[in-house]
1. Quick check for me: using +1 on Lys/Arg Cβ and -1 on Asp/Glu Cβ, what's the dipole size of the chain about its Cα centre, in debye to the nearest 20?
2. How long are the semi-axes of the equivalent ellipsoid of segment 82-195, taking √(5λ) for every eigenvalue λ of the Cα gyration tensor, in whole Å from largest down?
3. If the only charges are +1 at each Lys and Arg Cβ and -1 at each Asp and Glu Cβ, what is the size of the charge dipole of segment 98-244 around the Cα centre, to the nearest 20 debye?
4. Comparing V220, V171, V202, which has the greatest mean-square fluctuation in the GNM of the chain with Cα pairs linked when under 10 Å apart?
5. If you line up the long axis of helix 202-216 against the longest principal axis of the chain, both from Cα atoms, how many degrees apart are they, to the nearest 10?
6. Sorted by mean Cβ packing within 10 Å, highest first, what order do the peptides 187-196, 44-53 take?
7. With +1 assigned to the C-beta of every Lys and Arg and -1 to the C-beta of every Asp and Glu, and no other charges, what is the dipole magnitude of segment 6-124 about the Cα centre in debye, to the nearest 20?
8. Whole number please: convex hull volume per residue of the Cα set in the chain, in Å³?
Amino acid sequence: MKIFNPYTNSYFNDDITIDLIKPQIISLKQNSKRRFKYEKINLDYDPQRFDYILDKENNKNLKTRILISTNGNYQTSYHFMSENLEEEYGYFELSKCLNPRIFDTAYYELLEDYPEFSIQGPRIIIEYLQNWDDTKYGKIGHLADKLAVKFCIDNNMPLNIISIADINSHVAHFLRGKRYLPIDKDSCTYTFFHEKYKKTDVNQILYELIKKAGQTGVKVDLTGWGTLAMYMPKELALKYINELKQHPIIG
């Protein structure tokens with residue numbers, strides 16, 4: 001079994017024998033990097049905790065086990081695994097930010113309040129989302145978003161879910177329903193969009209670029225785009241809540 005540990009940014013693996021029909025804590029301790037030889041990752045496994053991603057090669061739903069690990073009281077990661085636990089399809093990591101004033105992040109815009117979008121106070125920050133092979137698997141982002149909403153509900157937190165769109169991921173997030181936060185007028189990013197598109201509303205820009213791509217068949221060109229802060233609109237969160245009501249995912 002091989003798992004990427006986002007807390008150490010490295011792989012842990014072990015040869016293990018487990019009973020796949022029993023809930024249990026799985027500990028992996030082997031790491032190729034010497035500085036992590038005393039570290040381990042504990043994974044909460046329950047055979048009844050699963051959902052579906054997309055098998056692109058066969059265009060059908062693919063059942064994925066959802067294993068959960070934590071790092072202290074504020075970091076949680078979800079690992080999407082094959083049914084035999086031999087392959088990790090992807091993972092995502094989130095942080096519980098109870099007080100943005102003292103939270104440590106390189107992206108200050110994630111800690112700002114945006115009352116116009118009802119984003120104030122405590123929030124969930126999706127730190128990273130990874131699909132290990134997006135040519136084969138899809139809807140990993142969809143499942144991650146749904147689990148982030150579930151995390152808010154289970155932890156009695158407001159549905160304030162924010163994150164950073166990495167390089168070349170902006171279109172995929174937009175099409176999934178995420179929307180981008182306003183850009184700081186004093187930033188280089190603001191200047192870039194103003195000079196290139198004569199506007200700085202990223203959501204409007206993306207809408208127009210995607211519409212044009214649909215008409216011409218030419219892929220959206222994101223040359224020069226850097227990371228951007230985005231949020232989950234409340235109507236999208238409510239959609240995931242309805243999905244969870246129809247097909248619950250156990251804790």
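1. 180 debye
2. 26, 20, 12
3. Once rounded to the nearest 20, the dipole reads 520 debye.
4. V220
5. 90 degrees
6. Sorting 187-196, 44-53 by mean packing, highest first, produces 44-53, 187-196.
7. So the magnitude is around 420 debye.
8. 158 Å³
The values are calculated or read from the model by the stated rules, or taken from the named source; none is laboratory data. All values derive from a computational prediction rather than experimental measurement. Quick reminder, even Gly has a Cβ in these numbers, built from the backbone with ideal geometry, and neighbours come from all protein chains shown. These accessible areas exclude ligands, DNA and RNA; they are computed on the full protein's heavy atoms, side chains included. Shrake-Rupley method; radii C 1.70, N 1.55, O 1.52, S 1.80 Å.
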